[in-house]
Amino acid sequence: MTAGQLAALAALGAFHGLNPAMGWLFAVARGMQEGSRTVLLRSLPPIAAGHLASVAIVAAVVSATQSAVVGNVVSITGGVLLVGFGLWRLLSERHFRWAGMRLSQAQLAGWSFLMSSAHGAGLMLLPVLATTPMPTGPHTAHTVAAAPGGALQGLLAAGVHTVAMFAVMGGCAVLVYEFVGLKVLRRAWFNVDKLWAGVLVAAGALTIALTA
Amino acid sequence: MTRWTPDPTFYASPRDAVQAPAEQLAYVAAFDRAAEKPDAIAVVDTDPASGAYGTVVGWTDLPHTGDELHHFGWNACSSALCPSAPHPHVERRYLIVPGLRSSRIYVLDTKDDPRNPRLVKEIPAEDLATKAGYSRPHTIHCGPDGIYVSALGGGSTEGPGGIAVLDHTTFEVRGAWENDRGDQYFAYDFWWHLTRDVLVSSEWGTPSMIEDGINPELLVGRKYGHSIHFWDLAKRTLVQTVDLGDQYQMPLELRPAHDPRKEYGFVGVVTSVEDLSASVWVWHRDNGEFTVTKVIDIPAEPAEAADLPPALQPFGAVPPLVTDIDLSVDDRFLYVSCWGTGELKQFDVADPFHPRETGSIRLGGVTGRVPHPSAPDERLAGGPQMVEISRDGKRVYVTNSLYGSWDDQFYPHGVGAWMAKIDVDTENGGMTLDERFFPHGDDFRGLRVHQTRLQGGDASSDSYCFP
């Protein structure tokens, strides 16, 4: 992976981390409910873990497949998938449903996994992954034997992404809890979902254009 | 279409919500007892600077007759900011309006012309019955994962009553809410402690017990509801039932503290069959279990039999009949409607276990018939009944009808229709009737008036996930 690609992965992580719906707001709520910054801080790792799991599954599958499949099939299929998912997110007004606020650490990780998956967080990495040259087998460019190496590459990508997400999410949570207060939500909670859906469509189209 | 920034009427915490701007309009459910004319949502101007202040400035007739509009609510509210299932970019624009008698549910859009809401959807009674197994829809609350609707009766049976969930966006009936209702049978009001995953529900009676009027045999036989139920909001199972004692008939309105760190709330009991008194209780949690404690007792007022309607003559007294209560957004003041004696009481409940009465206003009443200062010659029937409080706690609105057939028993010469507004001293307590605000009689076109909802939200419409 090039520096540029790593930067792109980190930037996407930061983008996810900024989104209140992705977890930092939940951490703030838990902290405020108990009047404890420790509770807030303890909520961040499970949220990041859930996000990582969601992203890693997609990243590993994409990278492994890409290593094993000839040509740009993955990119094009992925691009089509992205455009489709983005359009669905854009046009559908359904929102993530979850009843229940008192969650254990494990349940919180599960919540984060579902939330990230429902938002297509892993799919977001597709354009980066699809344009990354994957490690190949010793003799031929694409073999099934190359898949595990590709999957590792995908996990690395997910890891970089999540570290950035974790840092930004933690920063937002502490900043809002300690200094800014929740009134900022009224102005600053930009509809990232809508933006995101548009970005997904664009990213899908770009992936197809770059590789087709 | 969703918004780019959160709906400005959503507030993360009750602390923020009390700073909300004053409401410009009030929506009032109005129904025709004779079921000859359609029921309607009346729109009242609440802007003191407006020339039309205190008058009906808009009106939306519904397409059918005999719905008996009662309670209603918003499609979305501040709970949309709750972090477990946030959807802050939806709009608070639709009123979900059930017909308590017809079991139809209407959806009205207030956005384009807030003074004349437009009907956009009608959910037939059959949908509620077949998809959720319920009828007689009552209370509406905007939940984090859907719109919750309590219902008094079963789909094609007397009961059990319970809660149905409507989809947030399509308003389709998704089904019954309960996973395991245990032995819960009666239903009426419900609300929740969102951050504690607790739902609380109360009990009135099944359709046949209420629709033809209050049944004295059932009442004296202590057959109406007298318990409060506590549920796991996430698992949707009944966890605990607290019986207040069967002399305490009809615990109705539930008002949990708005502060999500608190785990107490108030419930009003209509009457005790032992002495016709009414009471207010506090539920609270001790060592994991809920306890419900009586904190306010309001005695019956003796009266000459000749002054009483036939239903009350054997008792020689007017029961206060606490039929609605409402808690200010800052959890400081509790308002208690005594619909029988025609009194609205205000209590300082900063310490919920030791309420302190800080104000009283008399209007109407079975024997008092106290007039409004702006129409001193008009003896009013009915009493302060549905109470709604503005988000800043400075204004309180009351309407005078309880429920069609029950109105007729307690006010047999006609309950009329009136709405009053009260100004509140939020520092020291105390209430003053606003003489400029008294829509009544023909203003409501012969219909009776029940619940009020304030534009942008009010004290009983929103719940919060942040302190």
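Below are the figures for this structure:
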{"read-out": "Filter result for B:Leu199 (among the aliphatic types (A, V, I, L, M), at pLDDT 95 or above and part of a strand (DSSP E or B))", "value": "yes"}
{"read-out": "Extreme residue, farthest from the chain's Cα centre (by Cα), among residues of region A:14-43 that are more than 13 Å from chain B (Cβ to nearest Cβ) and not polar (S, T, N, Q)", "value": "A:Arg37"}
{"read-out": "Some residue of region B:400-421 being farther than 26 Å from B:Pro314 by Cα and outside any strand (DSSP E or B)", "value": "yes"}
{"read-out": "Any hit, region B:43-57, residues being closer than 30 Å to B:Gly414 by Cβ, in contact (Cβ under 8 Å) with a residue 24 or more places away in the chain and surrounded by fewer than 17 Cβ atoms within 10 Å (Cβ to Cβ)", "value": "yes"}
{"read-out": "Options B:Ser405, B:Ser390; residue that is surrounded by fewer than 19 Cβ atoms within 10 Å (Cβ to Cβ) and at pLDDT 95 or above", "value": "B:Ser405"}
{"read-out": "Residue within region B:324-341 that is out of contact with any Cys (no Cβ under 9 Å at 6 or more places or on another chain) and without any contact (Cβ under 8 Å) to a residue 60 or more places away in the chain present", "value": "yes"}
{"read-out": "Within region B:1-55, tally of residues that are away from every other protein chain (no Cβ under 14 Å), of a type in the set (A, V, I, L, M) and more than 17 Å from B:Ala417 (Cα to Cα)", "value": "4"}
{"read-out": "Residue count, region A:185-212 (criterion: in contact (Cβ under 8 Å) with a residue 60 or more places away in the chain, assigned to a helix (DSSP H, G or I) and within 14 Å of chain B (Cβ to nearest Cβ))", "value": "7"}
{"read-out": "A:Pro46 within 13 Å of another protein chain (Cβ to nearest Cβ), of a type outside the set (S, T, N, Q) and touching a residue at least 12 places away in the same chain (Cβ under 8 Å)", "value": "no"}
{"read-out": "Failed condition for B:Leu199, given (1) under 25 Å from B:Val120 (Cβ atoms); (2) touching a strand residue (DSSP E or B) at 6+ places or on another chain (Cβ under 6 Å); (3) crowded, with 19+ Cβ neighbours inside 10 Å", "value": "(1)"}
{"read-out": "Strands (runs of 3 or more DSSP E) within region B:50-157 that include 1 or more residues farther than 30 Å from B:Asp212 by Cα and of a type in the set (A, V, I, L, M, F, W, C)", "value": "B:56-65, B:118-123, B:134-142"}
{"read-out": "Verdict on B:Arg101 being away from chain A (no Cβ under 14 Å) and under 19 Å from B:Ala187 (Cβ atoms)", "value": "yes"}
{"read-out": "Residue satisfying all of: in region A:167-184; among the small types (Gly, Ala, Ser) and within 22 Å of B:Ser13 (Cα to Cα); nearest to the other protein chains (Cβ to nearest Cβ) among these", "value": "A:Gly181"}
{"read-out": "Hey, A:Val58 surrounded by 16 or more Cβ atoms within 10 Å (Cβ to Cβ) and under 16 Å from A:Leu156 (Cα atoms) or not", "value": "yes"}
{"read-out": "Residue, nearest to the other protein chains (Cβ to nearest Cβ), within region B:168-184, restricted to residues that are surrounded by fewer than 18 Cβ atoms within 10 Å (Cβ to Cβ) and over 18 Å from B:Glu122 (Cβ atoms)", "value": "B:Asn179"}
{"read-out": "Scope region B:386-399; condition assigned to a loop (DSSP other than H, G, I, E, B) and not basic (Lys, Arg); matching residues", "value": "B:Met386, B:Ser390, B:Asp392, B:Gly393"}
{"read-out": "Some residue of region A:77-89 being within 14 Å of chain B (Cβ to nearest Cβ), closer than 21 Å to B:Ala76 by Cα and touching a helix residue (DSSP H, G or I) at 6+ places or on another chain (Cβ under 9 Å)", "value": "yes"}
{"read-out": "Candidate set from region B:217-276 (those that are in a helix (DSSP H, G or I) and free of Cβ contacts under 8 Å to residues at least 40 places away in the same chain); member that is farthest from the chain's Cα centre (by Cα)", "value": "B:Glu217"}
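The values are calculated or read from the model by the stated rules, or taken from the named source; none is laboratory data. None of the values given here were measured: they were computed from a predicted structure. Neighbour counts run over all protein chains shown; Cβ positions are idealised from the backbone, glycine included.
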